[in-house]
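Some notes on the structure that comes next.
The values are calculated or read from the model by the stated rules, or taken from the named source; none is laboratory data. Please read all numbers here as calculations on a predicted model, not as lab measurements. Backbone-built Cβ (ideal geometry, glycine too); neighbour counts: all protein chains shown.
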Amino acid sequence: MSGIYIHIPFCRHKCNYCNFYSLASTRYLDKITNAINAELLQRKDYLGTQQVETIYFGGGTPSMLGISDIESIIKTIYSTFVVATDAEITLEANPDDLSPEKLRELKKSGINRLSIGIQSFREEDLVFLSRTHSAKQVITCVSDAQRVGFNNLSIDLIYGIPTLTNEGWKENLETAFSLEVSHISAYSLTVEEKTPLEVMIRKGKMKPVDEDLSLAHYKTLTSLMHIHGYEQYEVSNFCLPGAYSRHNTAYWQGKHYLGVGPSAHSYNGTSRSWNVANLLKYIESVNLGKVESEHEILNLTTLFNEFIMTSLRTIWGCDLNTVKQKFGSENAENLLLNSLPFIDAKQMSYSNGKLVLTPEGRLFTDGISASLFEEEA
C-alpha cells in the first residue's frame, strides 16, 4: 500500500512564516501540469506493484490549479498506477480560492477530501500571519464545502500567535467545533530562519513568539479536543472517530510514497529522494526525460531512528514486535530498557508490546524520541 504526493509550488502571496518551497507567482503555472504528468510516467515503476491508497495535492496552493489540470493529473495517476477503488484524494486549499462554483467542480473532479488552510478565525491573527483571506471568507468556504458534499473535511489552525490570547484561542476552537469539521490539524507557530517573520522579529518590528503562551495554547487545545470528542491520533492532528488523514498516517507508519513536483520527496523503504527545489530546473529536467533530484540510501540506524520518531508521534505508538522484526532483538531490548525512565516518569506507557507517549509525554515528543535514537556507527 502506498501514496502519491503532488507538489504545486504556486501561491498568490507568500505568507511571512512559511519556509516550504513555493513561489508568489503564476509564472510557469501553465507548464506545471504537463511536467507533473511527464514525471508520473517517467517514475511509474517507483512503487513497484503496490496499490496506491492515497493521492495528496500539496503546496504551495494547489487550489490555484484549474479544474482541467487537476483532472488531468488524476487521470494520469489512474492510467499509470494501480489505484484503490476507495482511494483518498486530498487537495490543500485556501479559503479565497473556494468559490461555490470551484467547490462543485472540485467535487466532480474526483477530489474527495479538502484540507483548508484557515489558520485562524480572527482577523488580527490573519493580518499578523499575512494571510490573504478574511475571517468572513473562512466561515463561508467551510459551509459552502459541506453544502456541496465535502464531508471529509480538514482545517489547519495555528496557535502561539503573539496576537492570540488564550481566550481568543478558545474562541477559535469553539468556532471550529461549531462548524462540525471531522479533522483539525493544529500547529504551534514556528519562526523559521530567513523567513520574513524571523527577520521582522529580529529587527524588533514584530512581537516574538512566547513559548509559555504556546504551551498554554497547546494544553487548551488538547483539553477542548477531548471534551468535544476529537481523538489526538498524532501530536498535531485531531479527528472525530475514524476520520484520520489516511495519507499523513501512511507517512507516520513508514509506508512508501512517490513525491512528484519541484522539491517533492519520495521514500521506498530503503532510500529517499528529493526533487530539485527550483521550478524552472524541474520543468527543464523532466522535459529532458529525467527529473533532477538527489538520493540517499538509508542505513539500518537511520531507519530505526526514523521509526522511533514517527511512531511515537501517534496514538498507536512504537510496536516492539515490529522493531524486533525490522531491526533485531537487541535493538528491541535496548529500546525498552532506554524507555524505562520515561515509563517511570509517567511520560510513556508500555502495554501489549507497545510504547506509547502519555499526554504529559507528548509535551516532550521530540526530546524523548531523540534520547531513544541509536548513534551512527
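Can you report the number of residues in region 240-256 which are of a type outside the set (D, E, K, R), crowded, with 17+ Cβ neighbours inside 10 Å and either within 14 Å of the chain's Cα centre (by Cα) or part of a loop (DSSP other than H, G, I, E, B) (or both)?
Qualifying residue count for the region: 9.
Could you tell me which of the residues 163, 222 is assigned to a helix (DSSP H, G or I) and either surrounded by 18 or more Cβ atoms within 10 Å (Cβ to Cβ) or hydroxyl-bearing (Ser, Thr, Tyr) (or both)?
Going through 163, 222 in turn, just one is assigned to a helix (DSSP H, G or I) and either surrounded by 18 or more Cβ atoms within 10 Å (Cβ to Cβ) or hydroxyl-bearing (Ser, Thr, Tyr) (or both): 222.
Answer yes or no as to whether residue 202 is among the basic types (Lys, Arg) and either crowded, with 17+ Cβ neighbours inside 10 Å or touching a strand residue (DSSP E or B) at 6+ places or on another chain (Cβ under 9 Å) (or both).
Numbers: among the basic types (Lys, Arg): yes; either crowded, with 17+ Cβ neighbours inside 10 Å or touching a strand residue (DSSP E or B) at 6+ places or on another chain (Cβ under 9 Å) (or both): no.
Considered against the rule, which asks whether it is among the basic types (Lys, Arg) and either crowded, with 17+ Cβ neighbours inside 10 Å or touching a strand residue (DSSP E or B) at 6+ places or on another chain (Cβ under 9 Å) (or both), residue 202 comes out as no.
Residues checked against (1) on the phi > 0 side of the Ramachandran plot; (2) touching a helix residue (DSSP H, G or I) at 6+ places or on another chain (Cβ under 7 Å); (3) free of Cβ contacts under 8 Å to residues at least 60 places away in the same chain; (4) not assigned by TED's automatic domain parsing to the domain that holds residue 209:
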position	(1), (2), (3), (4)
114	no, yes, yes, no
137	no, yes, yes, no
145	no, yes, yes, no
151	no, no, yes, no
157	no, yes, yes, no
160	yes, yes, yes, no
170	no, yes, yes, no
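Within the set of pairs 6+ apart or on separate chains, which have a first residue in region 82-101 that is more than 15 Å from residue 66 (Cα to Cα), a second that is small (Gly, Ala, Ser), and C-beta atoms under 7 Å apart?
89/110; 90/115
Is it true that residue 17 is within 23 Å of the chain's Cα centre (by Cα), assigned by TED's automatic domain parsing to the domain that holds residue 156 and under 28 Å from residue 195 (Cα atoms)?
Values: within 23 Å of the chain's Cα centre (by Cα): yes; assigned by TED's automatic domain parsing to the domain that holds residue 156: yes; under 28 Å from residue 195 (Cα atoms): yes.
Answer is yes for this residue.
When you go through 164, 197, 189, 215 one by one, which is the residue that is closer than 28 Å to residue 246 by Cβ and not β-branched (Val, Ile, Thr)?
So the residue among 164, 197, 189, 215 that is closer than 28 Å to residue 246 by Cβ and not β-branched (Val, Ile, Thr) is 189.
Among the listed residues 139, 155, identify the single one that is of a type outside the set (Gly, Ala, Ser) and in contact with a His (Cβ under 8 Å, 6 or more places away or on another chain).
After applying the criteria, what remains is 155.
Could you check region 158-172 and list, in sequence order, the residues that are more than 10 Å from residue 125 (Cβ to Cβ) and not basic (Lys, Arg)?
Once the filter is applied, which keeps residues that are more than 10 Å from residue 125 (Cβ to Cβ) and not basic (Lys, Arg), region 158-172 yields 160, 165, 166, 167, 171.
Enumerate the strands (runs of 3 or more DSSP E) found wholly within region 257-337, keeping only those where 2 or more residues are surrounded by fewer than 15 Cβ atoms within 10 Å (Cβ to Cβ).
293-297
Would you pick out the residues in region 202-219 that are in contact with a helix residue (DSSP H, G or I) (Cβ under 7 Å, 6 or more places away or on another chain) and touching a residue at least 60 places away in the same chain (Cβ under 8 Å)?
Initially, region 202-219 is screened for residues in contact with a helix residue (DSSP H, G or I) (Cβ under 7 Å, 6 or more places away or on another chain), giving 206, 208, 216-217.
Scanning region 202-219 gives a single hit, 206.
To keep it simple, each residue is scored yes or no on (1) at pLDDT 95 or above; (2) touching a helix residue (DSSP H, G or I) at 6+ places or on another chain (Cβ under 6 Å); (3) not polar (S, T, N, Q).
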position	(1), (2), (3)
243	yes, no, yes
263	yes, no, no
282	yes, no, yes
291	yes, yes, yes
298	yes, no, yes
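Among the candidates 223, 185, 214, which residue alone is within 30 Å of residue 32 (Cβ to Cβ) and polar (S, T, N, Q)?
Only one candidate passes the filter, namely 185.
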